[in-house]
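The values are calculated or read from the model by the stated rules, or taken from the named source; none is laboratory data. As the structure is a prediction and not an experimental result, all values here were calculated from the model. Counting neighbours? That spans all protein chains shown, and the Cβs are built from the backbone with ideal geometry, glycine included.
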Amino acid sequence: MTNLHAFPTVPPFGHLPTPEGVDVVGIDLPVGRLTAYRVVPSGPSKGTVLVVPGYTGSKEDWRTFMPLLRDAGWTAVAISRRGQADSAAPTEPRDYALEEEAADVVRVARLLDDGAPVHLVGHSLGGVIVRAAAIQDPTAFRDVVQFCSGPYGWPYRKVAELTIMHDTAGNNRTLFDATNPLWAYRPDEELPDDVRMVRERFDATSPLSIVAGGHILEDHTDSSAELRATGLPVLVTHGEWDGAWPIPWQRTMAEDTGAEYVVIPESWHGPQIENPQGTVEVFDRFLSKH
């Protein structure tokens, strides 16, 4: 039986509607309040899944996928990390260090199911963060899903983004316009819904979060051996056309961590959006084993 902590309800972020049956809640941590989506199945729960989003992301990346997890029988919580969208945003660069982000994940996990271990999913940079969280405290988790993530970064990977943030003293709107030239400078009513949400999120996200995340993604440290040493079951899975990390690196990471390795067809770096049914089936098969 999954026991739910009584998290307070909070307003949704952005203009997109929240799907029916998806709660928007606040999770209070030492850093402040993180916002999250939460779903609970109508029947017995198979367990609790904690989802951690990636670089410049937020819980909203999982808005339409959460009902699929619920319908597959899972209680699930997808957070917006510190500094993302409407989550608490500390004001010192050191507060966005990998170790601090990982500690948040451990703290959230401990609140979800009366302290019992939970299933852990991390997307892209979120995969780097959940790996660090699992290494920090393996007892908080049942297993780890590295989703469209890789073993390490590389120098100058985010040089364009970091240069823009440096030259504009942290102007997120300039970064959005530079990375979305088709939609730059347009009024809200001319933007597709998903693009408008991304711009809303850029405007609300802490520049310190973006800069720190960029540096983490340039770090060449490989902690695959440490993750393997935790003894936690690991799944490495990505879209068949994922271009965020070289796919051979992701395959090697699976070998190095002793992980299962699954390629999700007909998807890129966001299979939960591009092939949601294929993604939930991959997750469900793996999580149900542990």
(message) Among the listed residues Pro19, Pro41, identify the single one that is surrounded by 17 or more Cβ atoms within 10 Å (Cβ to Cβ), farther than 30 Å from Val211 by Cβ and modelled with pLDDT of 95 or more.
(response) Pro41
(message) Being touching a residue at least 40 places away in the same chain (Cβ under 8 Å) and farther than 30 Å from Val234 by Cβ is true for just one of Arg157, Arg201, Arg196, Arg173. Which residue is that?
(response) Arg196
(request) Read through the list (1) among the hydrophobic types (A, V, I, L, M, F, W, C); (2) surrounded by fewer than 23 Cβ atoms within 10 Å (Cβ to Cβ); (3) under 21 Å from Pro8 (Cα atoms), then give the number of the only condition that Trp62 fails. (result) (2)
(message) Can you go through Ser206, Ser267, Ser223 and tell me which one is within 17 Å of Glu161 (Cβ to Cβ) and modelled with pLDDT of 95 or more?
(response) Ser206
(message) Quick check on the stretch 247-261: of everything there that is free of Cβ contacts under 8 Å to residues at least 40 places away in the same chain and surrounded by fewer than 17 Cβ atoms within 10 Å (Cβ to Cβ), which residue is nearest to Leu125 (Cα to Cα)?
(response) Ile247
(message) Can you report the number of residues in the stretch 64-100 which are without any contact (Cβ under 8 Å) to a residue 40 or more places away in the chain and in contact with a helix residue (DSSP H, G or I) (Cβ under 6 Å, 6 or more places away or on another chain)?
(response) 1
(message) Yes or no: the stretch 229-241 includes at least one residue that is farther than 25 Å from Ala88 by Cα, touching a Leu at 6+ places or on another chain (Cβ under 8 Å), of a type in the set (Val, Ile, Thr) and in contact (Cβ under 8 Å) with a residue 40 or more places away in the chain.
(response) yes
(request) Identify the residue in the stretch 21-54 that is without any contact (Cβ under 8 Å) to a residue 60 or more places away in the chain and in contact with a Pro (Cβ under 7 Å, 6 or more places away or on another chain) and, among all such residues, is farthest from Gln84 (Cα to Cα). (result) Gly21
(request) Within the stretch 94-123, track down each residue that is closer than 22 Å to Trp74 by Cα and either modelled with pLDDT under 95 or among the small types (Gly, Ala, Ser) (or both). (result) Ala109, Asp113, Asp114, Gly115, Ala116, Gly122
(message) Looking at Thr237, Thr279 in this structure, which one is part of a helix (DSSP H, G or I), touching a strand residue (DSSP E or B) at 6+ places or on another chain (Cβ under 7 Å) and surrounded by 18 or more Cβ atoms within 10 Å (Cβ to Cβ)?
(response) Thr279
(request) Taking only the stretch 71-101 into account, find how many residues are crowded, with 22+ Cβ neighbours inside 10 Å and outside any loop (DSSP other than H, G, I, E, B). (result) 7
(request) Identify, by number, the condition in (1) among the acidic types (Asp, Glu); (2) in a helix (DSSP H, G or I); (3) within 27 Å of Val159 (Cβ to Cβ) that Asp284 doesn't meet. (result) (3)
(message) Could you check the stretch 212-234 and list, in sequence order, the residues that are farther than 25 Å from Arg82 by Cα and either part of a loop (DSSP other than H, G, I, E, B) or not aliphatic (A, V, I, L, M) (or both)?
(response) Arg228, Thr230, Gly231, Leu232, Pro233
(request) Output the residue which, of all residues in the stretch 122-145 that are surrounded by 20 or more Cβ atoms within 10 Å (Cβ to Cβ) and among the β-branched types (Val, Ile, Thr), is nearest to Asp284 (Cα to Cα). (result) Val145
(request) Could you look through the stretch 146-204, keep only residues that are out of contact with any strand residue (DSSP E or B) (no Cβ under 9 Å at 6 or more places or on another chain), assigned to a loop (DSSP other than H, G, I, E, B) and hydroxyl-bearing (Ser, Thr, Tyr), and pick out the one that is surrounded by the most Cβ atoms within 10 Å (Cβ to Cβ)? (result) Tyr152
(message) Out of Ser288, Ser224, I need the residue that is among the small types (Gly, Ala, Ser) and buried (at least 17 other Cβ atoms within 10 Å of the Cβ). Which one?
(response) Ser224
(request) Scan (1) outside any helix (DSSP H, G or I); (2) surrounded by 15 or more Cβ atoms within 10 Å (Cβ to Cβ) for the single condition Ile273 breaks and write down its number. (result) (1)
